[in-house]
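Written out below as structure tokens is the structure these notes cover.
FYI, it's all coordinate maths here, none of it is from the lab. Please read all numbers here as calculations on a predicted model, not as lab measurements. Glycine gets a Cβ as well: all are built from the backbone with ideal geometry, and neighbour counts include every protein chain shown.
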Amino acid sequence: MNAIKHLIRDENGATAIEYGLIAALVSVAILAILSQIGDQLVTTFTSIETSLVDGNAAASGSGGGT
């Protein structure tokens, strides 16, 4: 009976479990945020890529070259 009471009062593993739960919650929050802004990031990078390709084409077709 004393062993059971001792186990009930023992809180050594509680901190590790709490940190694990916090880490899991932060991970879920990060995934939720990334899934929400993912489409916007794709659109932004596509726009940047298009600008770079168009700028490169204009630069290579406009001058006398080397």
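Here are the numbers:
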{"item": "Geometric extent, Cα atoms of the chain - Rg, Dmax (angstrom)", "result": "28.0, 93"}
{"item": "Cα→Cβ-extended label distance, 7 Å offset, between residue 59 and residue 43, nm", "result": "2.8 nm"}
{"item": "For the chain, size of Cβ-based charge dipole, Lys and Arg +1, Asp and Glu -1, in debye", "result": "260 debye"}
